[in-house]
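Contents: one structure, followed by commentary.
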Amino acid sequence: MLRLLVGDPASRVEINSLKLIVAALVIHTIGPQTVLLLPGFVQGLVEYVGFTDRQAGFIASAELVGMTCATIAMMFMVARVNWRHVFALSLLLLIVGNIATIFITDFHAYCVTRFVTGIGGGFIVSLSYTVFGLTAKSDRNFGLGIFFVLVYAAAIYPLMPSIFDSFGMPGLLIFFALFAVIGLPFVRIMPISGEEYRETDKDAISLDWNRKGMALAAMLIYFTANFAVWTYLFRMGIRAGITEQEVANSLSFSQFLGMAGAFTAAILGARFGRSLMLTIGIFGTAIPLFFLFGTPVAAVYLIIVSAYQYAWNMTHPYLLAAMASFDPTGKMVVYATAMQFIGVSTGPALAAFLVTEDSYRAVLLLGIVLLMVSLVLVLPAVITQARLAKSLLTANKAPMADSDLAGNPG
């Protein structure tokens, strides 16, 4: 069966062909389904399976830990495995894992099953990013990858209440499995292997490990904060008295603001300096959370989650760009991606320890505090890199000026 899915092992594909880009975009969108729909997934676990808020947080964290482990493992496996085999086996794991989950009600068995399912998603995300990075227009294709996962989330969120009402949690799990089935025919279009080509920031400066370590810690903490809040964002709306459909619609609409945030970063780039944009972005991510301490009406909840999504998705590209500028070899981006996934998996578990039956205040407070800590940790490295890059640029221009003076004495 595996040979049937991967096609001729001797076949080669054009890495920049349209069909390969389409295949990569489809498969990439399948990998992080649970992450994209995490608030709705947690809502289903509580309302339609019967788990407590705390148990739902741990289940979500188990799946994200599985994704994290796969992402880290792929750093060492990428040059040693047949990529089509990995894509095919990962999609099969998503299909089997989601179907198997339908028949499980025990909390611990649920955690184990979702952990294993998460491994499949993690391999897909990691290897898809590698494929995007090999293409000639990698920036565009990374942008398309982000765009389509946000479009997917925006399209599915409004449907989730209907899916739950008609089929319960099994309906969502079957949907996840069927979407993974759609990805199988695209596996044979993907490359079998490839070399890594990294375009590093032309202003990249090799910083000392004290500052780089603080920056990596900031990456971990930033995503821990966001996924602690993101996990329970649907439940926060329900607790405020907003209907399930209104919450789903708000989260769907917020995805479009997330797209706008990512486009803002793409358009502005480093024109105003990364330190300023990171400060605006991280404060912009934290401030909307203050308004969730009360009981917002549906319209206010829509504004809150939209502002939050905009700032989050604007900040993320600046964090990655900053990491690339701290090391000319490009290794910091690899380390930062690992920190991101560790934060993604840690956030829900940490929030699960803090959530109570009648309040999410501790989760919100955790998110706000950690966001501010991430800003304090990343700014020294960003400011130092900018100062050193400016000094280097000035030093490089100075000899040219002297030569011009020598050649033009009068």
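The table that follows gives values for the structure above.
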| quantity | calculated |
| --- | --- |
| Probe 1.4 Å, accessible area per residue of segment 1-136, Å² | 38 |
| Positive-pole candidate from Pro39, Trp83, Thr101, dipole of segment 1-117, charges at beta carbon | Trp83 |
| Extension gain, His85 back to Thr52 (0.36 nm per residue minus Cα-Cα distance, nm) | 8.1 nm |
| Rounded FRET efficiency, nearest 0.05, which uses the C-beta distance separating Val96 from Ser359 and R0 of 56 Å | 0.90 |
| All-pairs Cα distance distribution in segment 60-162, expressed in whole percent, bin size 5 Å | 2, 12, 17, 19, 22, 15, 8, 4, 1, 0 |
| Environment charge at Leu379 (Cβ cut-off 11 Å; Lys +1, Arg +1, Asp -1, Glu -1) | +2 |
| Distance between modelled label sites at Ile15 and Phe167, nm, 7 Å Cα→Cβ extension | 3.9 |
| Segment 290-392 - percent of accessible surface contributed by carbon and sulfur, probe 1.4 Å | 77 |
| Residues of segment 207-357: accessible area per residue with a 1.4 Å probe, Å² | 37 |
| Where labels lie 7 Å past Cα in the beta-carbon direction, separation of Leu268 and Ile303 in nm | 2.1 |
| Segment Ala73-Asp208, extension gain: residue separation times 0.36 nm, minus the distance between their alpha carbons | 45.9 nm |
| Heavy-atom accessible surface of segment 48-162: percent carbon and sulfur, 1.4 Å | 72 |
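The values are calculated or read from the model by the stated rules, or taken from the named source; none is laboratory data. Predicted, not measured: the structure shown is a model, and the values here were computed from it. Don't worry about glycine lacking a Cβ; one is built from the backbone with ideal geometry, like all the others, and counts go over all protein chains shown. With ligands, DNA and RNA removed, areas are computed over all heavy atoms of the protein, side chains included. Shrake-Rupley method; radii C 1.70, N 1.55, O 1.52, S 1.80 Å.
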